[in-house]
Amino acid sequence: MTSPAMTAHIRIRELTFDYGGDRPAVDALSFDIAKGEFIGLLGPSGCGKSTTLRMFAGLLAPTSGQIVINGEDIVARPPWERNMGLVFQSYALFPHMTVAQNVAFGLRLRKVGKAETASRVAEALRAVRLDNFGSRRPAELSGGQQQRVAIARAIVIQPEILLLDEPLSNLDARLRDEMRFEIRDIQTRTGITTLFVTHDQQEALTMCDRIAVMNGGRLEQIGTPVAVYDQAATPFVANFIGRANSVPATLSHLSGAPQLRLEGQWLPAPRAEDLPVGVTDGTRVSAMVRPHAIRLAKPDGGLTARVVRRVFVGSVVEVELQLADNHTLIAELRPDSDGAALAEPGAEVAISWRPTDMRIFAA
Amino acid sequence: MTKLLSFISRTYVIIVFCIVFMPMAIILVISFSADSYLSFPPSGWSLKWYAAVLGNTGFMQGFRNSALIAVIVAGLSLVLGLPAAYALVRLDFPGRTLIRSLVIAPLVLPAMMLGLGILMVFTPAGLVATYPGLVLAHLVMTLPFSIRILQTALSNLGTDVDEAAMTLGARPLQVFVQITLPRLTPGVIASSAIALILSFDEIVLSLFIVGPRLQTLPVALYRYVDERTDPMVAVLAVLMITLSLAIVLIVERSIGFAKAFGR
């Protein structure tokens, strides 16, 4: 660690956008992005992810805070001096220009020579597999092809950051899956630091190096897809990424082996270091368990539940379970597992999960 | 049942069209009359009234004036209307909503009142019976239309494409000239065509401020009808309709009317 500017390509510090509503649209956002990283900004609509992206592009001026790129705060720079490639959900191609002219637009403004422009445009179109489409008009292309032109147009200027604003949302399901890998592949080859805005957790999980989960203008958690899925930092993250069951419980025996009092049963709790800070014996918490972590067995005197419903959904069987206090849990079981066989509607079953599969949040 | 309904609706449409177009058809027929007064049907056919119109210095002078004024008004409507529309759609400033509604006020005010007001202002300014005066008066009529049409066209464009250009390195003026303006062409043509037609056909405001030395074609026609009624009136009406129709057709053929009005 020589200087902070060398460790992080981009540093976002206390970035805030407040247009005078009940709460800021983006509220004191801070995180770092490494060179070449593919970062997902994930959250429900209205969480501030697009506002953040627009502040990066310079299309919105932050109320306060910094966006530091290569050691320099760019907040005061106009969009045309930021060297960012922006790809919109609507493609936003120039309809009166050919595909090649679209891609060449940024180079023309940079006064790049004719020969170099031609070769770089050809290279960018090859990268998005549209080699022979240069002379077409955007209106003659399909949605997926238009989106690829938009990507070529953004990467040809070798931007400092590639900003993708829900680029896949207008595509049909099959094309969307295909484009996911294609975009990630292009990004890996070019090594351009990328900020990818999406509301689709599946897209974020499959594409990103790290995911920044936003809610109500605030950063809930930033981490690798595995980390945000397995070690959700907040109940919001646990519920937004994947499905999660939530059961109220009480903590005890924190000094020794922590225990969880749930439905009159004692369960081993996660290790003390995985518990929220400030909990003591008797703290009311909520325990989060993923549906696929729940195991079913014959009643054995431990935690039991009644099977309400069993639904076959292909790769898994979904079982709805009701605890004695009327809390409902969803379990996902392999169709050929013993548990699935036990899950006859109306039957009493024992349910369990490993302490490490559980996340404890302050209630 | 559906057959009967379709018969009724077709008949209804035909009746409406007849009501709208019958007067024009009658005028067209009368324009080829050989009679020396307006009568229908004419007792004989000739082109002599067309020749009479073309040989009438008053009408020809009026036509030249109207055409010149219409072209200037159309140009100015665009030059003044486009920045106004841009500001009203794209820029955020206090009072924008109020100005948006005020801009169309001339359309809801009685033309008589506008004419009187214009006369009161123009007389001390020495603008009565001058080209600049007529152009200014017509602009009061055409600008609301131009601004409205361009406003619709601009808001239909959205901002994504312009913003994409901006992030690629284009400054605001470059964005406007290279991206916004080309995409706005249909709206520009439509608003100019409307301004041209409105100005060429304008009569109420013109009546207040024309003078014996400077007359527009509609005013000349109006004054002529006041004194005499011969088929020359029908010929002029046919010529004016043809001109307006030609402009509308050019717009329709070149860009499509729906597109021109930002649909």
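Picking from residues in region A:103-127 that are hydrophobic (A, V, I, L, M, F, W, C) and over 16 Å from residue B:164 (Cβ atoms), the one that is farthest from the other protein chains (Cβ to nearest Cβ) is A:115.
Inside region A:41-72, residues that are more than 8 Å from chain B (Cβ to nearest Cβ) and in a loop (DSSP other than H, G, I, E, B) make up a count of 12. Scanning region B:151-164 for residues that are more than 7 Å from chain A (Cβ to nearest Cβ), assigned to a helix (DSSP H, G or I) and in contact with a helix residue (DSSP H, G or I) (Cβ under 8 Å, 6 or more places away or on another chain) gives B:151, B:152, B:153, B:154, B:155, B:157, B:162.
Here region B:182-221 is the region considered, the condition is being part of a loop (DSSP other than H, G, I, E, B) and touching a Phe, Trp or Tyr at 6+ places or on another chain (Cβ under 9 Å), and the residue that is surrounded by the most Cβ atoms within 10 Å (Cβ to Cβ) is B:216.
Residues in region A:126-159 that are closer than 24 Å to residue A:9 by Cβ and open to solvent by 50 Å² or more (accessible area, probe 1.4 Å): A:158 only.
Within region A:110-122, track down each residue that is touching a residue at least 24 places away in the same chain (Cβ under 8 Å) and open to solvent by 30 Å² or more (accessible area, probe 1.4 Å). Answer for region A:110-122, where residues must be touching a residue at least 24 places away in the same chain (Cβ under 8 Å) and open to solvent by 30 Å² or more (accessible area, probe 1.4 Å): A:110, A:120. The C-beta contact set for region B:184-210 (first residue more than 21 Å from residue B:112 (Cα to Cα), second residue open to solvent by 40 Å² or more (accessible area, probe 1.4 Å) and charged (D, E, K, R), distance under 6 angstrom, 6+ apart or interchain) comprises B:186/B:259. Selection of first residues in region B:165-178 that are at the interface with another protein chain (Cβ under 7 Å from one of its Cβ atoms) and of second residues that are buried (at least 21 other Cβ atoms within 10 Å of the Cβ) and not aliphatic (A, V, I, L, M), restricted to Cβ pairs under 6 Å at least 6 apart or on distinct chains, gives the following pairs, ordered by first then second residue: B:166/A:79; B:167/A:79; B:168/A:105; B:168/A:106; B:169/A:106.
A quick yes/no check of all residues on (1) small (Gly, Ala, Ser); (2) at pLDDT below 95:
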| site | (1), (2) |
| --- | --- |
| A:8 | yes, yes |
| A:19 | no, yes |
| A:69 | no, yes |
| A:94 | no, no |
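Tell me, which helices (runs of 4 or more DSSP H) lie completely within region B:1-115 with 3 or more residues that are touching a residue at least 12 places away in the same chain (Cβ under 8 Å) and out of contact with any Lys or Arg (no Cβ under 6 Å at 6 or more places or on another chain)?
So the answer is B:2-31, B:48-55, B:57-90, B:105-108.
Residue A:139 fulfils the conditions (1) in a helix (DSSP H, G or I); (2) more than 14 Å from chain B (Cβ to nearest Cβ) except for a single criterion, (2).
Going through region A:331-358 one residue at a time, which ones are in contact with a helix residue (DSSP H, G or I) (Cβ under 6 Å, 6 or more places away or on another chain) and open to solvent by 40 Å² or more (accessible area, probe 1.4 Å)?
Selection gives A:332, A:357.
Here region A:73-102 is the region considered, the condition is being more than 10 Å from chain B (Cβ to nearest Cβ) and not in a loop (DSSP other than H, G, I, E, B), and the residue that is surrounded by the most Cβ atoms within 10 Å (Cβ to Cβ) is A:99. Given the criteria hydrophobic (A, V, I, L, M, F, W, C) and surrounded by 22 or more Cβ atoms within 10 Å (Cβ to Cβ), does residue B:179 qualify? So residue B:179 passes the test.
The values are calculated or read from the model by the stated rules, or taken from the named source; none is laboratory data. The structure presented is a predicted model; accordingly, all values stated were derived computationally and were not measured. When we count neighbours, we look across all protein chains shown, and the Cβ atoms used for this are built from the backbone with ideal geometry, even at glycine. To get the accessible areas, we keep the full protein, side chains included, count just its heavy atoms, and leave off ligands, DNA and RNA. Shrake-Rupley method; radii C 1.70, N 1.55, O 1.52, S 1.80 Å.
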